[in-house]
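Written below as structure tokens is the structure these notes are about.
What follows draws every value from the coordinates through simple rules; no lab data is involved. As the structure is a prediction and not an experimental result, all values here were calculated from the model. No Cβ is skipped: glycine too gets one built from the backbone with ideal geometry, and neighbour counts run over all protein chains shown.
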Amino acid sequence: MAEVLLSQAEKIFIVHGVEDNVRIDGRSCLEYRSFEIETGTVSNASGSARVRMANTDILVGVKAELGVPALRKPDEGKLEFFVDCSANANPKFEGRGGEELANDIASMLSQAYGDKNTLDMRKLCIADGQHCWILYIDVLLLEVGGNLYDAVSLAVKSALYDTKIPNLTLTTNEEGQVEIDLSDDPFDYSEIDVENCPILVTCCKIGKSHVIDPSVEEEVCSLCRLVVSVTRTGHITSTRKVGAGSLLPESIAEMVSTSREIGISLNEALLNKLKGRI
Amino acid sequence: MATLKLTTNDQVEVNNYHQDGNEDGGCSMSIAIPGQKLMDINSDVISGHGTYEHKDGIYSSLAGYVKLEENKEQPGKTMVSVQTTRHKHLVPVLGGLVTSRVTQATPRFCKVDIIAVEKSIFEIPFRGLLRKEDVRATEKDKVEIHKCFRPGDIVLCRVISVGDSQSYILSTAENELGVIVAYSEAGAAMLPISWREMQCPRTLAVEFRKVAKPTADYIDQIKELLHKIVIK
Amino acid sequence: MSAANEVRAYQRKEYLLKFLEQDVRPDNRGLGDTREAKLTLGAISTADGSAMVKLGHTVAVCGIKAEITRPPTDKPDSGVIIANVQLPAMCAPEFKSGPPSEKAQVLSDFVQQVLLDTGMIDRTQLCIESGLHCWILYCDVICCNYDGNIRDAVLLAAVSALKDVSLPMAQYDAEQENLTIDKDRKRQLTLSCMPVSLSFTLFDDAVLLVDPTHEEETVCQGQITVITSGGDSICSVSKHGGASLNPEQLTLCISKAKQRWCDISKLMTSNHL
Amino acid sequence: MEFNIRLAANRKSRAVLPSDKTMHQVNPGDLISKDSGYMRGHGTYFDVDEGKILASVAGCVERVNKLICVRPLKTRYIGEVGDVVIGRITEVGNKRWKVDAHTVLDSVLLLSCVNLPGGELRKRSEEDERMMREYLSEGDLISAEVQTVYSDGHLSLHTRSLKYGKLGQGILVKVSPSLVKRCKNHFHNLPCGVTVILGNNGYIWICPLQSNEGAEGGFMQRLDPISEQEREAMVRMRNSILCLAQYKMMLYDTSAYYAYEASSQYQLYEMLKPEAMQNIVNMTRQRIETEM
Amino acid sequence: MPQDSRRNCHTDESYHPDRFLSICKFNTQNNTTVINDNGLRIDGRSSSDSRPIFLETGFVTRSKGSSYIEIGNTKVICACYGPKQLQSKDTGLRKGVLSCELKYASFASAVHKTDQANMLEKEYSVLMVDALSPCIILDRFPKAQVDIFVTILEDGGSAFPAAITAASLALADAGIELYSLAIGASLQQHKEWALVDPTHEEENMVALLGECTGSLCIAYMPGLSQVSMVSQQGYITHQQLSQGMVTLIELCKDVSTLVRRCLVNSIQRKGQQESSVGD
């Protein structure tokens, strides 16, 4: 994580501010910063999106490739998440420095997308047990300025929304093998249904209260965060406590329900914005 | 019921909490485990070793026997502490006595491995630094490191600073501090003959060291040890 | 108590010497006594064969996983056995996490070599169809507690885990080019012999200590390992480092090793009952 | 729940608005002067073959008599003796602290350049050397003055005046050093109830109003909660300064205060929106221009 | 495949025997129900029943503290070393640092583990630090690091929560000061059933059946009544999540009495040893 040094007094100032519901950038505890999305940024990817939220800058590219389904799930396609922490974002990421964070985000994403109800992987299957689409989702962290998980998940969802998968025609030859023909028409494609894709919402415990969309300074002041992935329907697909603190069961319940409500409306707002553009 | 195959004890015990009930109330109250509330905070008790204060209570932070004793510094107050059978100290403490082994001696300082604090022996040593000016209390300028310590010597020191993150800063500037075990060039354990000399029992050669003045306690321990070995 | 502990910590050699002068070792054994050995077979249900061995405090667990592979090209009628020994950072303070240390590699080679070279197992019984399919036995030994004489412990664990292996029946249909495996029917492996090792070390270039603890190993030099496989047959005698041995000492080692084989073999049979 | 999501395509350009017509902006390699009579300063280089002075950074050209400099838009701080800076302790070393003051090389604060608790004329003992971390530890913020600029560019700081020292509760804002206008005084008690220290190094400290008399070198700190009113004023000031910095407006007491007043029509959280920012900056600029 | 010179290995790839099961067998394996009409699970437990637990301290003799835990078929060894001096210069000046490493034995799961850089192990190691660092009083050993090494000898289900319990037991055994023990527990949500302390088979069912299911794992500190780790995945409702938390906290409280008894026993045993040495 991008570590920022803060003096004790600054931390106290931030903690008291959160308790008074006035954060250092003027927001209240449950207020989200404005952010900017851009889809179709990378022209040679199947889908891409960039999200900029204060100082956090995320680029996501989706690449669809043909592959073989997993042995245990012959009727499903695959999602592969890969996160790259650019050394631009933080000099500490150079070499293998960003590996831990990258693995962490990637596992969080694959957990959030792990269930069939989020993204129906069966639709990515072409021929049972033989061919399927594999979506390689590459996340590039260009700048890290707080609330990383949320920003990444917003970018992933936007990039999936933007993803175009070419339509295929299947023929079976004499030997019972399936042959695949790719359509020549570049406009002959289908889109992915992202309606129920989850968004990660980070709820940051600071002092006795909790905030959403924390800035880097606020993250430093908090001992622990709860990252909850929420779908549009309000289902929870993953929950994870991050950081060295512990929480009372009651505060977990509170934080989960805050995150859930934020998640539902954030999903709605993002989808509306994405659709409004077309 | 699970068959237990990997246990070290001969008697196999299966804890099945369905039959458990509250029988552990039967074990004497004097054993505490981490997180167990020992008592409410009040003005008469002080939280001692192995305990911590949280909200309105004093809690145990160790697994061991609860001990209540009168505080020496503040008469009338009770000190509550939890004693383990294990080592008391996990790390060298500021102002504490440590036993260390010299690993490197240069004209300006000695590098040492701290291998024990008081009676607690470390499996993995901590790095310590014994600077030339901290070897002796008087005539600091005349100290020559090679006449005080050699690599391999066991030295009793006091921690005077936790220093930078690399090593603890140690001192031997007390009579009772200094070399307690040293080997002569012939390889025999030497005996102290003065505060600055030790003698090899094999070759009778005299070597210079900053020798620790043995305390009565220490002599007793050595006697006890010899006694034990003879009995065995 | 504390003074004894201090000497134990600072002057290990002196400490041991004080005991050896009385012909006794710090854990109350005589110079020629081995520690009590314990053996448990089949402790790990996810493995196809497993064993846990205890020599005093030293604990080694071996689990064997069987998979299907292609037989080696030079021996189309034989199966494969791969032995690896792990010394995880958990088992003693001197080990680091990460890839296998030199010590672990040496032990892996040792076990691999003994399993293959003594001919204790006829590898053709692992073959399913010549040149096409065979069983591969991954024989992984993990040291759970390292308190000296790890060699004897890992070898015993590996050998007894092999004894415990039961493989599902496999059948190859040449016409359909189809391999089927029936998990409900299982068979044991046939072992032709059981190699058992016994290790010694040398204190002060003169005193032979059998089945040394870690504490003894740190102040002793050299390692003598004798592997016997029952009766009068000796599989291997090896000696690394330390002072030279006189013939009497070596004879003593060998006779102790033979005795060891009998003890272990008794232990093994009692476990199988 | 309201979310403010924007599409990048609709983003408004945030280019520097030309305020000063006389401002001469250059890019690296741009010709500044062919006149060999000028002396080249920071941000320029001399093309020997052609006899021209060219810019080496992007920024505004400044001429002082015969000296030509380019003041870069974005830069690290280049120290000058006597400058007021805000810095953060990054390391406690042997008789010195390392300070991050937005310079290229780390700055140092020697133990001998600090007022220790208990008076100016106190002798520094070995005890003090061991206690250094108690005085200032990693992460602490200080205000200080540049004492020396070494030839390699690293700075030595001092806090031997009661107005300098450790900073307590407040907000640190980081802007480009070139945006901070050099003034006689960099400590400003503004009428809106906040104290602003505009560090020459681009670090700006906003804290509750402080009286000048009670300065004690920062060793006594106020750790009780700050009233909501004061807090809001500070946050508003922070956002105002960020608005100005975003549109590359020079920062000094008047501009900061005007921006603060201009922002009064907005709620605190609204000040983060680009439209509001632009509006605030425009109003501030107009007010400054009319007053000139 | 690159050869690893530090391990013995075979040149050809090898396959799990399940790959060659006759098709009908493979199918019947999948069709087993997780819970039958009487509300009983495959191993005969009810959904809220947990398996018997065996706990022991002092398994690894040369460590500072160690523990061994067995829950059903799950077998976990944990050892704790340190505190030892930190190598790196910049971190942990005031506080100690905790490092955890969790490893599966290659024979611990149904499938032989070959993958050297196992993602799951890394993820669990990170989660473990998050779960345990809240219970350690880290400022009692500044500049130093405590290492926890966990080996899962056999994963019979709920191995990770067992590892957390084992680790906190090892920490207590090592005499490292703790605010509280941390007890791990997990459940598997299957439709309306919350299967407490699931077996390996039950955990796998989710991946295969996968309709409105999820898993939840927590670490609970009974001393402070706080939760030090939450990890959930799947597709569950808010109510199921909060209900699951309540269920697991109750389970943790139950397990903590066993951990307590184990610690008390070990203290008494040590006390007896000491007094016998004294004679």
Worksheet item: What are the ³J(HN,Hα) values, in whole Hz, obtained from phi via the Karplus relation 6.51 cos²θ - 1.76 cosθ + 1.60 with θ = phi - 60°, for each residue of region C:186-196 in sequence order, with x given for Gly and Pro?
Response: 10, 9, 8, 8, 9, 9, 7, 8, 10, x, 10
Worksheet item: If each of D:LEU67 and D:LEU31 carries a label point 7 Å out from its Cα toward its Cβ, how far apart are those two points in nm?
Response: 2.6 nm
Discussion item. Given a 10 angstrom Cα cut-off, can you work out which residue in A:GLY97, A:GLY146, A:GLY263 is the most mobile in a GNM of chain A?
Written reply: A:GLY97
Worksheet item: So which GluC sites (Glu not before Pro) in region A:1-100 pass both tests, a DSSP loop state and at most 15 other Cβ atoms within 10 Å of the Cβ?
Response: A:GLU3, A:GLU94
Fill in: Amide N of region B:63-86 lying under 18 Å from the label point, which is placed 7 angstrom from the Cα of B:ASP40 along Cα→Cβ
B:78, B:80
Discussion item. Rounded, prolate or oblate for region D:23-72? Axes are the square roots of the Cα gyration tensor eigenvalues, ordered a ≥ b ≥ c, and the cut-off for rounded is a/c under 1.5.
Written reply: oblate
Response to the item:
Full extension between B:ARG196 and B:LYS140 adds, at 0.36 nm per residue less the Cα distance, a length in nm of 18.7 nm
Item to complete: Considering Cα pairs under 8 angstrom that are at least six residues apart, work out the relative contact order of region D:23-72 and quote it in whole percent.
Response: 42 percent
Worksheet item: Say we join alpha carbon atoms closer than 10 Å with springs in a Gaussian network model of chain D; which of D:ASP128, D:ASP152, D:ASP49 then has the biggest fluctuation?
Response: D:ASP49
Fill in: Förster radius 45 Å - calculated FRET efficiency between E:GLN87 and D:LYS74, Cβ distance, rounded to 0.05
0.75
Practice prompt. Compare C:LYS186, C:LYS163, C:LYS258 in a GNM of chain C, Cα atoms joined below 10 Å, and give the one with the largest fluctuation.
Written response: C:LYS186
Worksheet item: Whats the longest run of chain E with zero GluC sites (Glu not before Pro) that are DSSP loop and have at most 12 other Cβ atoms within 10 Å?
Response: E:14-191
Item to complete: With θ set to phi - 60°, apply the Karplus curve 6.51 cos²θ - 1.76 cosθ + 1.60 along region B:134-150 and write out the HN-Hα couplings as whole Hz, x wherever there is a Gly or Pro.
Response: 9, 6, 10, 7, 10, 6, 4, 6, 8, 5, 10, 4, 5, 8, 10, 9, 10
Worksheet item: Using alpha carbons only, how many degrees (0 to 90, rounded to 10) separate the axis of helix C:150-164 from the longest principal axis of chain C?
Response: 30 degrees
Item to complete: Would you mind computing, in nm to one decimal, how far apart the modelled labels at B:THR85 and D:ASP224 are, each placed 7 Å from Cα along Cα→Cβ?
Response: 5.3 nm
Worksheet, complete the sentence: Simple SL model, points at 7 angstrom along Cα→Cβ for C:GLN171 and C:LEU250; separation in nm is 5.5 nm
Practice prompt. Indicate, rounded to the nearest 5 percent, the antiparallel portion of the DSSP beta bridges found entirely in the protein assembly as shown.
Written response: 85 percent
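Sort the protein assembly as shown into rounded, prolate or oblate with this rule: let a ≥ b ≥ c be the square roots of the eigenvalues of the Cα gyration tensor; rounded if a/c is under 1.5, and if a/c is not under 1.5, prolate when a/b is larger than b/c, oblate otherwise.
oblate
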Worksheet item: Can you list the residues, at least 5 places off or on another chain, whose amide H is less than 5 Å from the amide H of B:VAL45, using H built in the peptide plane?
Response: B:THR78
Worksheet, complete the sentence: Given backbone amide H placed at 1.01 Å from N, residues whose amide H is under 5 Å from that of B:MET39, ignoring those fewer than 5 places away on the same chain, are B:ILE58
Practice prompt. Tell me the GluC sites (Glu not before Pro) within region C:36-143 that lie in a loop according to DSSP and have at most 15 other beta-carbon atoms within 10 Å.
Written response: C:GLU36, C:GLU94
Discussion item. When a/c reaches 1.5 or more, the comparison of a/b and b/c decides; with that in mind, is region B:32-72 rounded, prolate or oblate per its Cα gyration tensor?
Written reply: oblate
Worksheet item: In whole Å and largest first, what semi-axes does the C-alpha gyration tensor of region B:90-157 yield when each eigenvalue is scaled by 5 and square-rooted?
Response: 22, 13, 9
Worksheet item: Going through region E:116-209, which trypsin sites (Lys or Arg not before Pro) have at most 15 other Cβ atoms within 10 Å and a DSSP loop state?
Response: E:LYS191
Worksheet, complete the sentence: To the nearest 0.05, the calculated FRET efficiency linking D:GLN265 and D:LEU110 through their beta-carbon distance, R0 being 41 Å, is 0.30
Worksheet item: When the Karplus curve 6.51 cos²θ - 1.76 cosθ + 1.60 is applied with θ = phi - 60°, which whole-Hz ³J(HN,Hα) does each residue of region D:75-85 get, with x for Gly and Pro?
Response: 7, 7, 7, 10, x, 9, 4, x, 5, 8, 10
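Work out, step by step, the length gained on full extension between D:LYS273 and D:LYS52: first 0.36 nm times the residue separation, then minus their alpha carbon distance; give nm to one decimal.
Net length gain for the segment: 75.1 nm.
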Item to complete: List B:GLU185, D:GLU270 from most exposed to least, where exposure is judged by having the fewest other Cβ atoms within 10 Å.
Response: B:GLU185, D:GLU270
Response to the item:
Only helices counted: for chain A, with every DSSP H run of 4 or more residues adding -39500 (n - 2.57) and the sum spread over all residues, [θ] at 222 nm is -9000 deg cm²/dmol
Discussion item. I'd like the orientation of helix A:8-19 relative to chain A: the angle between its Cα long axis and the longest Cα principal axis, in ° from 0 to 90, rounded to 10.
Written reply: 70 degrees
Worksheet item: Which percentage, to the nearest 5, of the DSSP beta bridges contained in region B:97-231 is antiparallel?
Response: 90 percent
Discussion item. Can you tell me the orientation of helix A:249-277 relative to chain A, as the angle in degrees between its alpha-carbon axis and the longest Cα principal axis, to the nearest 10?
Written reply: 50 degrees
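To the nearest 0.05, what FRET efficiency results for C:LEU41 and C:ASP232 with a Förster distance of 41 Å applied to their C-beta separation?
In this case the efficiency is close to 0.90.
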Fill in: Under 19 Å from the Cα of B:LYS210 - aspartates and glutamates, other chains or at least 8 residues apart
B:ASP113, B:GLU133, B:ASP134, B:GLU139, B:ASP141, B:GLU144, B:ASP153, B:GLU174, B:GLU176, B:GLU185, B:GLU197
Worksheet item: Lysine pairs in region C:19-271 with alpha-carbon atoms under 16 Å apart, 8 or more places apart or on different chains: how many are there?
Response: 12
